[in-house]
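Notes for the one structure printed next.
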Amino acid sequence: MTTHPYTLRIQRNRKGPDGRLTTMWQEFTVQATPTTTILTLLEEIKGEKDGTLTFRQSCRSAICGSCAMKIGGRTRLACKTHIGSVARQGVVEIAPQANQPVLKDLAIDIGPFFARIHQIRPFLEDGPDTDAVLEKSAYDQVNHVTQCILCGSCYSDCVMAEVSPEFIGPAALAKAFRFVSDPREGQKVRRLEALSLPHMMWTCARCAMCVESCPKDVKPMEAIVKLRTRGIAKGLDAGPGPKHALAFHQDIQEAGSLNEFTLMMRTVGLLGTLEELGTAFHLLKKGKVPSPIPHKSQGVAELAKIYEILEEHPLDVETKAKEVVPE
Ligand code: FES
């Protein structure tokens with residue numbers, strides 16, 4: 001295959017004696033075919049141009065998760081990404097994962113990410129259901145989430161992790177779903193209670209970046225939505241997150257559109273709404289306050305029928321299969 005010149009614009013990060021990180025960009029031009037992987041090119045640069053370039057890699061087969069880094073603005077596995085698919089006018093930018101502490105160049109400290117995984121207690125816990133049988137359908141659901149290779153791509157691209165560093169993140173929540181959805185798990189309700197606390201499942205803004213960036217198609221956001229549904233079903237509906245979701249549900253079911261005028265009051269209550277009066281006045285000045293008169297959409301009766309059917313036969317929206325919900 002014909003080779004072309006490509007420029008890799010690599011972020012170099014160095015810690016000084018005071019522990020402060022200095023960042024600069026360095027360009028390397030290499031000759032490669034469009035199907036050459038970014039990892040191959042990084043190794044070539046390290047071997048032939050600059051031996052100090054630091055990055056993680058191990059399996060070269062999209063299995064170990066070590067080589068996840070920002071490539072062309074999104075977090076991807078360097079060993080799975082072809083230069084031709086990400087270079088624009090022959091140039092691609094490479095940086096370490098975001099939302100994680102950088103150690104050197106493209107290598108991050110993976111400790112905080114794994115601490116989040118440990119936080120959800122990633123093992124089956126004893127309880128009354130310990131001896132339950134794992135049927136095939138439940139196994140398929142559990143197995144889908146266990147495809148996660150803990151590369152951290154979802155956490156790196158997560159917009160909520162960026163604004164709220166205490167957020168436990170999509171990978172840990174997908175892992176939590178693996179246990180909550182396992183019929184043999186003995187502490188499902190205790191887990192859901194822990195997941196209902198601040199910075200856990202209700203912090204997700206459902207931006208779907210984790211679904212986009214996951215190299216194994218785990219779809220963490222869908223696991224988060226299922227966790228939330230199960231939490232509400234168990235009566236864990238006290239915080240602003242579940243109240244917001246229930247208000248959405250009620251409006252769409254009854255009127256086919258949101259009543260944004262009362263949404264905040266129903267989500268955070270009177271006190272929370274009063275705290276946001278400044279924002280309300282700002283919106284008022286810009287003419288953006290929604291109408292207090294609720295709007296009823298056409299075809300609401302049809303929508304109500306869809307709700308009825310879904311409530312009677314809950315579907316896994318992704319697989320269109322009946323969702324397995326252990327007691
Ligand atoms: S080197 Fe193991 S996933 Fe890329």
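Just a yes or no: is a residue in region 295-307 hydrophobic (A, V, I, L, M, F, W, C), out of contact with any strand residue (DSSP E or B) (no Cβ under 9 Å at 6 or more places or on another chain), within 30 Å of residue 142 (Cβ to Cβ) and not assigned by TED's automatic domain parsing to the domain that holds residue 204? Yes; the residues of region 295-307 include at least one that is hydrophobic (A, V, I, L, M, F, W, C), out of contact with any strand residue (DSSP E or B) (no Cβ under 9 Å at 6 or more places or on another chain), within 30 Å of residue 142 (Cβ to Cβ) and not assigned by TED's automatic domain parsing to the domain that holds residue 204. Could you tell me how many of the residues in region 113-132 are modelled with pLDDT of 95 or more and out of contact with any Phe, Trp or Tyr (no Cβ under 9 Å at 6 or more places or on another chain)? Of the residues in region 113-132, 5 are modelled with pLDDT of 95 or more and out of contact with any Phe, Trp or Tyr (no Cβ under 9 Å at 6 or more places or on another chain).
Going through 59, 148 one at a time, which residue ends up being within 16 Å of the ligand (Cβ to nearest atom), in a loop (DSSP other than H, G, I, E, B), out of contact with any Asp or Glu (no Cβ under 6 Å at 6 or more places or on another chain) and over 21 Å from residue 35 (Cβ atoms)? I'd like the intermediate steps shown before the answer.
Values: 59 fails: over 21 Å from residue 35 (Cβ atoms).
Only one candidate passes the filter, namely 148.
Residues considered: 54, 75, 7. Of these, the only one that is assigned to a strand (DSSP E or B) and within 16 Å of the ligand (Cβ to nearest atom) is 75.
For region 157-203, a tally of residues being small (Gly, Ala, Ser) and in a helix (DSSP H, G or I) returns 6.
Here residue 133 clears all of (1) within 16 Å of residue 66 (Cβ to Cβ); (2) surrounded by fewer than 15 Cβ atoms within 10 Å (Cβ to Cβ) except the condition numbered (1). Across region 87-110, the qualifying residues are those that are within 15 Å of the ligand (Cβ to nearest atom) and of a type in the set (A, V, I, L, M), and the one among them that is surrounded by the most Cβ atoms within 10 Å (Cβ to Cβ) is 106. Considering the conditions (1) within 20 Å of the chain's Cα centre (by Cα); (2) charged (D, E, K, R); (3) in the same structural domain as residue 195 (by TED's automatic domain parsing); (4) not in a loop (DSSP other than H, G, I, E, B), residue 121 is excluded by exactly one of them, (4).
Run down 163, 159, 142 and say which single residue is surrounded by fewer than 24 Cβ atoms within 10 Å (Cβ to Cβ) and within 24 Å of residue 124 (Cβ to Cβ). Reasoning before the result, please.
Numbers: 163 fails: within 24 Å of residue 124 (Cβ to Cβ); 159 fails: within 24 Å of residue 124 (Cβ to Cβ).
That would be 142, the only listed residue that is surrounded by fewer than 24 Cβ atoms within 10 Å (Cβ to Cβ) and within 24 Å of residue 124 (Cβ to Cβ).
Within region 277-285, identify whether any single residue is outside the structural domain of residue 180 (by TED's automatic domain parsing) and touching a helix residue (DSSP H, G or I) at 6+ places or on another chain (Cβ under 7 Å), and answer yes or no. Taking every residue of region 277-285 in turn, none turns out to be outside the structural domain of residue 180 (by TED's automatic domain parsing) and touching a helix residue (DSSP H, G or I) at 6+ places or on another chain (Cβ under 7 Å).
Checking each residue in region 203-235 for being within 16 Å of the ligand (Cβ to nearest atom) and among the charged types (D, E, K, R) picks out 216, 217.
Yes or no: region 27-46 includes at least one residue that is farther than 18 Å from residue 83 by Cα, more than 10 Å from the ligand (Cβ to nearest atom) and either of a type outside the set (A, V, I, L, M) or surrounded by 17 or more Cβ atoms within 10 Å (Cβ to Cβ) (or both). Taking every residue of region 27-46 in turn, none turns out to be farther than 18 Å from residue 83 by Cα, more than 10 Å from the ligand (Cβ to nearest atom) and either of a type outside the set (A, V, I, L, M) or surrounded by 17 or more Cβ atoms within 10 Å (Cβ to Cβ) (or both). Is there a residue in region 52-62 that is touching a strand residue (DSSP E or B) at 6+ places or on another chain (Cβ under 8 Å), more than 26 Å from residue 150 (Cβ to Cβ) and not assigned by TED's automatic domain parsing to the domain that holds residue 172? Checking region 52-62: not a single residue is touching a strand residue (DSSP E or B) at 6+ places or on another chain (Cβ under 8 Å), more than 26 Å from residue 150 (Cβ to Cβ) and not assigned by TED's automatic domain parsing to the domain that holds residue 172.
The values are calculated or read from the model by the stated rules, or taken from the named source; none is laboratory data. Everything quoted here is computed from the prediction, not taken from an experiment. Reconstructed Cβ throughout: ideal geometry from the backbone, glycine too, with neighbour counts over all protein chains shown.
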